[in-house]
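Since the structure comes first, as structure tokens, the remarks are kept for the end.
The values are calculated or read from the model by the stated rules, or taken from the named source; none is laboratory data. These figures come from a predicted structure and were not determined experimentally. Here the Cβ positions follow ideal geometry from the backbone for every residue, glycine too, while neighbour counts run over all protein chains shown.
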Amino acid sequence: MAMAADDNPTKEIILDNQDPEKVKARLLAKYPPKVARKRAKQIVVNRIDPDGKVPVISSNVRTVPGLIGQRGCCYAGCKGVVLGPTRDIVNITHGPIGCGFYSWLTRRNQTDPDSSADGHNFMPYCFSTDMQDEEIIFGGEKKLKQAIQEAYDNFKPKAIAVFSTCPVGLIGDDVHAVCREMKTKLGINIFGFSCEGYKGVSQSAGHHIANNGIFKHVVGLDDTIKEGKYRINLLGEYNIGGDAFEIERLFERCGVTLVATYSGNSSIDAFANSHTADLNLIMCHRSINYVAEMMQTKFGVPWIKVNFIGAAATAKSLRKIAQYFDEKELTDKVEAVIAAEMPAVEAACTAVRPRTEGKRAMLFVGGSRAHHYQELFAELGMMTLSAGYEFGHRDDYEGRKVLPDIKVDADSRNIEELDITPDPERFNPRISGAKKEELEAKGLRFGEYNGMMPDMSEGSMVIDDLCQYETDQLVKIFKPDIFCAGIKEKYAVQKHGIPLKQLHSYDYGGPYAGFKGAVNFYNEIDRMVSSRVWRYIRAPWQKHPELSATYAWE
Ligand code: CFM
């Protein structure tokens, strides 16, 4: 592919060979043999054979010590990601203050307190037991009890959740016993999570632990069937930068009733009632597929994969909902909403495309956005050169069909698998086997996710658990027009003269979901790839070539 319009002088140093196999060899060349062997299985050149099979990629494995990775910890996945965005649970971090502080709203998850009748919103508060040396030595259960009591006295919440950090596991505090005791004493729902940071290999373990806890302690507590004809849950949408607000707006326009979102703009009451919905939509498969699977087994709620990132993907996802309920009234409404929303989106896209067309992106984020955001770049006429997840599993890359082939290692075995069976009274398969078959024949896929790799082009580089060294090399070799990652990568990449868009917190922007979100993203990316500021960047070694010897990569 021809290089994109070239006003960026740093592109002069592009290496003459961007052949992905050679690039892979060069990335590995620096490593000791054992590390190179391990990373070789995590750096894959994408190939798609005619029956849709993609190469095997090693993922959800330990990061090699010494490589500066992008990952977070188990506690981050449980408290920060899955439970954190719920406004009316007092989420107490049992641990040193830093764990609580750095998982407190840094990902810009938003909420609308007015949508709860009681107006409870504890998200502006950072609750922590602030463990000190004394608790590490003599145990922290007493201080935890006091913290729960204090939170109860001050806020009278309906629920309190306790999240364990590394030292809690190391010293052996029994947070579950404390929670049980305080639950009996105070008469509200109190539950704990053994989500110590070191459990598992990344935040992915924390997602699983959070899913288990919420299913065990909350889902199914309220059987009231709320009003609404087309009642759904949205799973794996965390309202970063207001994404969930935009999706809610579309549901409302379509006449679709949202029972619960896990967990953007959410409340514990909605979780308790969520098993009464008739369909689960999974947005982020990685973080929440466990709840969907358990709800299906126990209550009979089927799930489908959706994606509200990208205008075409949004339209497709809305159509999937209509297909499922299969009623003319809904189908007509969905089509009318798409027809009404699309002109503005198309106009915005047409306006920026002359400047974005042919530009090249790299995306290294989490466990779902590296896939979803490729949709938006495609709409801008941009190509994804390389992408990868921090902590995705093989099914997120290759599709759920590989689930039976995934070897369960000791790290995964550490995470509890709940034994779920159909609820004797409440199990209710929402659609009959015959109806399901009929819908499947029309193309609606249940319980399926195809993964990221089948959607990526031949020869693109798929890299799991990318590290700082490899980031530097990729940027130097390919000189992409934009790099998408997080705050830890942002300034290192920008020092190379390449703009970096944070896809975790959205920097200061968003929403990027749905139709209005797509317009925001088009304009943001146009601004970033068209900015002239990058051409003025000259690193010291570019001004003084003699310095570059220290920066040679061979
Ligand atoms: Fe799911 Fe997420 Fe993501 Fe994730 Fe995350 Fe996130 Fe992410 Mo940051 S739940 S996997 S653990 S979509 S916080 S809202 S952006 S790494 S790609």
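Could you list all residues from the stretch 55-108 that are more than 16 Å from the ligand (Cβ to nearest atom), farther than 25 Å from Glu398 by Cβ and among the hydrophobic types (A, V, I, L, M, F, W, C)? Within the stretch 55-108, Ile68, Ile89, Val90, Ile92, Ile97, Phe101 meet the criteria. Is it true that Ala549 is among the aliphatic types (A, V, I, L, M) and modelled with pLDDT of 95 or more? Considered against the rule, which asks whether it is among the aliphatic types (A, V, I, L, M) and modelled with pLDDT of 95 or more, Ala549 comes out as no. Cβ-Cβ contacts under 6 Å between residues 6 or more apart (or on different chains), taken from a first residue in the stretch 381-395 that is closer than 15 Å to Thr356 by Cβ to a second residue that is among the aliphatic types (A, V, I, L, M), are listed as Met382/Ala361; Thr384/Ala361; Leu385/Met362.
Taking every residue in the stretch 67-86 that is β-branched (Val, Ile, Thr) and pairing it with any residue that is within 7 Å of the ligand (Cβ to nearest atom) and assigned to a helix (DSSP H, G or I), at least 6 positions away or on another chain, the pairs with Cβ-Cβ distances below 7 Å are Val81/Gln203; Val81/His207; Val81/Ser287; Val82/His207; Val82/Ser287.
Screening Lys158, Lys143 for residues that are basic (Lys, Arg), touching a residue at least 12 places away in the same chain (Cβ under 8 Å) and farther than 28 Å from Gly200 by Cβ leaves exactly one candidate, Lys158.
With respect to the conditions (1) farther than 29 Å from Val201 by Cβ; (2) surrounded by fewer than 20 Cβ atoms within 10 Å (Cβ to Cβ), Pro65 falls short on a single one, namely (1).
Residues in the stretch 517-536 that are of a type in the set (S, T, N, Q) and out of contact with any helix residue (DSSP H, G or I) (no Cβ under 8 Å at 6 or more places or on another chain) were compared, and the one that is nearest to the ligand (Cβ to nearest atom) is Asn520. Within the set Leu474, Leu466, the sole residue that is within 16 Å of the ligand (Cβ to nearest atom) and buried (at least 21 other Cβ atoms within 10 Å of the Cβ) turns out to be Leu466. Considering (1) within 22 Å of the chain's Cα centre (by Cα); (2) touching a residue at least 24 places away in the same chain (Cβ under 8 Å); (3) buried (at least 19 other Cβ atoms within 10 Å of the Cβ), the lone condition that Asn520 does not fulfil carries the number (2). Applying the condition of being away from the ligand (no atom under 16 Å from the Cβ) and either under 20 Å from the mean Cα position of the chain (by Cα) or not in a loop (DSSP other than H, G, I, E, B) (or both) to the stretch 354-385 and asking which residue is surrounded by the fewest Cβ atoms within 10 Å (Cβ to Cβ) yields Pro354.
Being under 15 Å from the mean Cα position of the chain (by Cα) and more than 25 Å from Phe308 (Cα to Cα): is that true of Ser263 here? The answer is no for Ser263.
For the stretch 501-516, name all the residues that are within 14 Å of the ligand (Cβ to nearest atom) and not in a loop (DSSP other than H, G, I, E, B). Within the stretch 501-516, Lys501, Gln502, Ala513 meet the criteria. A residue that is farther than 20 Å from Asn265 by Cα, of a type outside the set (Ser, Thr, Tyr), surrounded by fewer than 23 Cβ atoms within 10 Å (Cβ to Cβ) and out of contact with any Lys or Arg (no Cβ under 9 Å at 6 or more places or on another chain) occurs somewhere in the stretch 100-120. Scanning the stretch 43-61 for residues that are closer than 17 Å to Pro20 by Cα and either among the β-branched types (Val, Ile, Thr) or without any contact (Cβ under 8 Å) to a residue 12 or more places away in the chain (or both) turns up Ile43, Val44, Val45, Ile48, Val54, Val56, Ile57.
Quick check on Asp49: is it modelled with pLDDT under 95, away from the ligand (no atom under 16 Å from the Cβ) and outside any loop (DSSP other than H, G, I, E, B)? No, not satisfied.
Quick grid of which residues meet (1) of a type in the set (Gly, Ala, Ser); (2) farther than 25 Å from Leu235 by Cα; (3) within 14 Å of the ligand (Cβ to nearest atom):
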position	(1), (2), (3)
Leu170	no, yes, no
Lys183	no, yes, no
Phe193	no, no, no
Gln203	no, no, yes
Gly206	yes, no, yes
Asn211	no, no, yes
Lys216	no, no, no
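Taken as a whole, the stretch 416-431 holds no residue that is under 22 Å from Cys195 (Cα atoms) and within 16 Å of the ligand (Cβ to nearest atom). Going by the structure shown, is Gly242 touching a residue at least 24 places away in the same chain (Cβ under 8 Å) and more than 30 Å from Ala339 (Cα to Cα)? Answer is no for this residue. For the stretch 521-538, state whether one or more residues are part of a helix (DSSP H, G or I), at pLDDT below 95 and of a type in the set (Ser, Thr, Tyr). Looking for residues that are part of a helix (DSSP H, G or I), at pLDDT below 95 and of a type in the set (Ser, Thr, Tyr), one finds at least one in the stretch 521-538, hence yes.
Residue check: Ile406 meets all listed conditions (1) crowded, with 22+ Cβ neighbours inside 10 Å; (2) within 29 Å of Ile68 (Cα to Cα); (3) away from the ligand (no atom under 16 Å from the Cβ); (4) among the aliphatic types (A, V, I, L, M) but one, namely (1). If you go through the stretch 87-101 and keep only what is touching a residue at least 12 places away in the same chain (Cβ under 8 Å) and under 25 Å from Ile136 (Cβ atoms), you end up with Val90, Asn91, Ile92, Thr93, His94, Gly95, Pro96, Ile97, Cys99, Gly100, Phe101.
Screening Ile498 against (1) part of a loop (DSSP other than H, G, I, E, B); (2) within 15 Å of the ligand (Cβ to nearest atom) leaves a single unmet condition, (2). State which residue is nearest to Thr93 (Cα to Cα) when the search covers only the stretch 124-138 and only residues that are surrounded by fewer than 19 Cβ atoms within 10 Å (Cβ to Cβ) and not charged (D, E, K, R). That would be Cys126. Taking the conditions (1) touching a residue at least 60 places away in the same chain (Cβ under 8 Å); (2) under 29 Å from Asn211 (Cβ atoms); (3) not acidic (Asp, Glu) in turn, Ser432 satisfies each one other than (1). Considering only residues that are surrounded by 16 or more Cβ atoms within 10 Å (Cβ to Cβ) and on the phi < 0 side of the Ramachandran plot, which ones fall in the stretch 49-62? Val54, Ile57, Ser58, Ser59, Val61 - these are the residues of the stretch 49-62 that are surrounded by 16 or more Cβ atoms within 10 Å (Cβ to Cβ) and on the phi < 0 side of the Ramachandran plot.
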